[in-house]
Amino acid sequence: MKKTLLTLGAAFILAAGAQAQTSWGLKAGVNLPKLSFSGNDVSMSTKSSTNFYVTGYADLPVASNFSIQPGLSLQGKGGKFSDDKLDKDFETKTDLMYLEVPVNAVYYIPAGSGNVFIGAGPYAGIGLSGKYKVGDVKTDVEWGSGTDKDLKRFDFGINTMLGYKLANGFLINAGYGFGLIDIAAENSFGKTKNNVLSFGIGFQF
């Protein structure tokens with residue numbers, strides 16, 4: 001699966017690079033991820049944890065003020081849970097790192113000395129590493145789909161974004177990623193999905 005994602009991402013970027021007026025960008029920033037759980041007529045989400053992301057992408061113009069942006073991204077996800085009523089110092093936390101291939105459709109709106117941009121598109125990702133922390137004890141996430149595993153490696157969802165890009169290429173942006181598939185392994189009693197709010201800066205050249 002990892003080789004497939006890398007090949008897919010490379011193919012998108014090489015295809016974009018063959019087009020006229022293609023520009024390249026790099027974004028990085030803070031992720032505030034949550035894990036959502038549902039099952040047995042109950043749904044809940046963890047609190048947001050703090051993680052990071054780094055994304056490289058190509059901006060391929062396909063029409064006036066409209067581009068397709070394929071890329072490769074490292075995305076930190078997870079969530080945390082604490083019960084202030086029982087023990088303020090006790091916390092469970094999940095840290096997950098994914099390699100993702102996003103493909104976003106982006107529309108630019110001229111404004112001032114730059115452009116407001118809005119976008120959305122699908123992403124496919126594979127889990128690279130993961131840690132559970134319960135109190136002071138850390139354990140590795142067991143990836144896979146079997147009954148002896150914790151989480152499935154593959155993830156898929158939709159990204160949305162909003163930002164502003166200056167004429168010199170500097171940009172600020174915010175986004176939200178909606179996980180669409182259940183990443184819980186077969187021993188789970190319900191469904192688990194990734195959700196990520198992000199803020200960052202970048203440069204497109």
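Annotation: peptides 33-39, 113-119, 67-73, ranked by per-residue average of other Cβ atoms within 10 Å with the highest first, follow the order 67-73, 33-39, 113-119.
Where does the chain land at 222 nm, in deg cm²/dmol rounded to the nearest 500, when only DSSP H runs of n ≥ 4 count, each adding -39500 (n - 2.57), divided by all residues? When only DSSP H runs of four or more count, the value is -2500 deg cm²/dmol. The number of Lys pairs in segment 89-172 with C-alpha atoms less than 19 Å apart, excluding pairs fewer than 8 positions apart on the same chain, is 10.
Tally Lys/Arg at +1 and Asp/Glu at -1 over every other residue whose Cβ is under 11 Å from the Cβ of Gly146; what's the total? Working shown, then result.
Values: positive: Lys149, Lys152; negative: Glu142, Asp148, Asp150, Glu186.
My count for the surroundings of Gly146 gives -2.
Seen from Leu96, the other residues with C-beta closer than 13 Å to its C-beta sum to a net charge of +3, counting Lys and Arg as +1 and Asp and Glu as -1.
Once you have a ≥ b ≥ c as the square roots of the Cα gyration tensor eigenvalues for the chain, tell me rounded if a/c is under 1.5, and otherwise prolate or oblate according to whether a/b is larger than b/c. Let's see the in-between values first.
Values: a/c = 2.42, a/b = 1.76, b/c = 1.38.
In terms of gyration-tensor shape, prolate.
The residues packed around Asn173, meaning those with a beta-carbon under 10 Å from its beta-carbon, carry a net charge of +2 if Lys and Arg are +1 and Asp and Glu are -1.
Read-outs: derived from the displayed coordinates by stated rules, not from any lab. Source: prediction; values computed, not measured. A quick note on method: Cβ atoms are made from the backbone with ideal geometry, for glycine too, and the neighbour counts reach across all protein chains shown.
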